[in-house]
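The values are calculated or read from the model by the stated rules, or taken from the named source; none is laboratory data. Treat the numbers as computed from the prediction; the structure is a model and nothing was measured. Here the Cβ positions follow ideal geometry from the backbone for every residue, glycine too, while neighbour counts run over all protein chains shown. Surface accessibility is based on the protein's heavy atoms, side chains included, excluding ligands, DNA and RNA. Shrake-Rupley method; radii C 1.70, N 1.55, O 1.52, S 1.80 Å.
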Amino acid sequence: MTDTEVKANGKSAGAIHQGSFYKFKYDITDLLKSEGENLLEVKVSKISADTSVNRAERMSDFWVFGGIFRPVYLEILPEQYIEWTAINAPASGDFSIDVYTEGVKQPLKVEVQIKTLAGKKIGDPLSTSIDKNADKTTVRTKVDKPELWTPEFPNRYQVEVKLKDNKGTVIHTKIEKFGFRTAELRKGIGFFVNGTKVRFKGVNRHSAWPTTGRTMSKTISELDVNLIKDMNMNAVRMSHYPPDSHFLDVCDSLGLFVIDELTGWQKKYDTLVGRKLLKEMIMKDVNHPSIVLWANGN
């Protein structure tokens, strides 16, 4: 929280990131030394240089701390790799996945295999060639009579996505968990999940804990979700910012409707910074079946 300047071996890794609670990264390949020690520096400013970030995040109804409260790590990837995926899996069993790749320089293929969480294959693997001029590759299939995701029965599957060259060699693999479910708002009637009208009984939830501040853990996420369900609730709103990934994982596995939210309380981001942060939120959270609504602040 909030503006973040990153350096590797004394050199800037890229533009300062503005906005709290979002997942972002820098490519520091060219800044690293192959031998000896490398130094990673992260400088966080409590107040943003962007007035709209301060307006959305600092003039708010939640505690403003300064510092780093979510994981910082190094990620090693091949030169050609899968950046992220976006899954659409409605209750009908129709399945599509958008696979976003980076660094593609030669003819490659995307192979997709749906499995149960236990690893049993559902159907045959599907393969599609990548157009290196396109920003994504879409693969589609259909699963007959899938077990649907609901808070009462949070059934989930997994999909294994492989990036392969023409020789069949696997270059990069990404595994995503997902659930088949359809969420829809019918004007003047109500909110429906898998064709059944539902009523939200829920609570707002902040990423905060008495002994660790804004530094959370999966154990805390499990405690919170179980407490909400023990109180006969079926929904939770992320007020007023996207949560840790492990909280959404727990909502997926234990069964809880989620309203995921772009930061903002009465006041909003400017369009330029808002679009960037919205994309970062979607890239991180889009495949969680528990998320049935997205919110633009209050």
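At a glance:
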item: Any chance THR219 is over 30 Å from LYS268 (Cα atoms), open to solvent by 20 Å² or more (accessible area, probe 1.4 Å), among the β-branched types (Val, Ile, Thr) and free of Cβ contacts under 8 Å to residues at least 12 places away in the same chain; result: yes
item: Any hit, region 285-296, residues being among the aromatic types (Phe, Trp, Tyr) and in a loop (DSSP other than H, G, I, E, B); result: no
item: Looking only at region 156-182, and only at residues there that are over 24 Å from the mean Cα position of the chain (by Cα) and surrounded by 13 or more Cβ atoms within 10 Å (Cβ to Cβ), the one that is nearest to VAL250 (Cα to Cα); result: LYS164
item: Region 92-148, subset among the basic types (Lys, Arg) and outside any loop (DSSP other than H, G, I, E, B), residue least open to solvent (accessible area, probe 1.4 Å); result: LYS115
item: Scope region 50-88; condition among the aliphatic types (A, V, I, L, M) and either within 22 Å of the chain's Cα centre (by Cα) or at pLDDT 95 or above (or both); matching residues; result: VAL53, ALA56, ILE68, VAL72, LEU74, ILE76, LEU77, ILE82, ALA86, ILE87
item: Matching residues in region 183-210 - criterion: being surrounded by fewer than 11 Cβ atoms within 10 Å (Cβ to Cβ) and either among the charged types (D, E, K, R) or under 30 Å from LYS162 (Cα atoms) (or both); result: ARG186, LYS187, LYS197, ARG199
item: Region 1-27, residues that are polar (S, T, N, Q), assigned to a loop (DSSP other than H, G, I, E, B), open to solvent by 30 Å² or more (accessible area, probe 1.4 Å) and on the phi < 0 side of the Ramachandran plot; result: GLN18
item: Residue pairs meeting the criteria (Cβ under 6 Å; at least 6 apart or on separate chains; first of a type outside the set (A, V, I, L, M), in region 270-286; second assigned to a helix (DSSP H, G or I)); result: ASP270/SER52
item: One residue from GLU57, GLU75, GLU152, GLU79 being acidic (Asp, Glu), over 24 Å from ASP27 (Cα atoms), outside any strand (DSSP E or B) and open to solvent by 40 Å² or more (accessible area, probe 1.4 Å); result: GLU152
item: Qualifying positions in region 271-298 - basic (Lys, Arg) and either under 29 Å from THR196 (Cα atoms) or more than 12 Å from the chain's Cα centre (by Cα) (or both); result: ARG275, LYS276, LYS284
item: Yes/no for ALA49 being loosely packed, with under 12 Cβ neighbours inside 10 Å and of a type in the set (Gly, Ala, Ser); result: yes
item: Filter pass, GLY36 being of a type in the set (Gly, Ala, Ser) and either under 27 Å from ILE175 (Cα atoms) or surrounded by 18 or more Cβ atoms within 10 Å (Cβ to Cβ) (or both); result: no
item: Long-range neighbours under 8 Å by Cβ, at least six apart or interchain, first residue touching a residue at least 60 places away in the same chain (Cβ under 8 Å) within region 111-127, second assigned to a strand (DSSP E or B); result: LEU117/TYR157; LEU117/GLN158; LEU117/LYS177
item: Selection from region 15-45 of residues that are touching a residue at least 24 places away in the same chain (Cβ under 8 Å) and closer than 25 Å to HIS246 by Cβ; result: GLN18, GLY19, SER20, PHE21, TYR22, LYS23, PHE24, LYS25, LEU40, VAL42, VAL44
item: Candidate set: region 233-272, residues that are open to solvent by 10 Å² or more (accessible area, probe 1.4 Å), among the aliphatic types (A, V, I, L, M) and assigned to a helix (DSSP H, G or I); chosen: the one modelled with the lowest pLDDT; result: LEU272
item: So THR116, is it at pLDDT 95 or above, among the hydroxyl-bearing types (Ser, Thr, Tyr) and out of contact with any Asp or Glu (no Cβ under 6 Å at 6 or more places or on another chain); result: yes
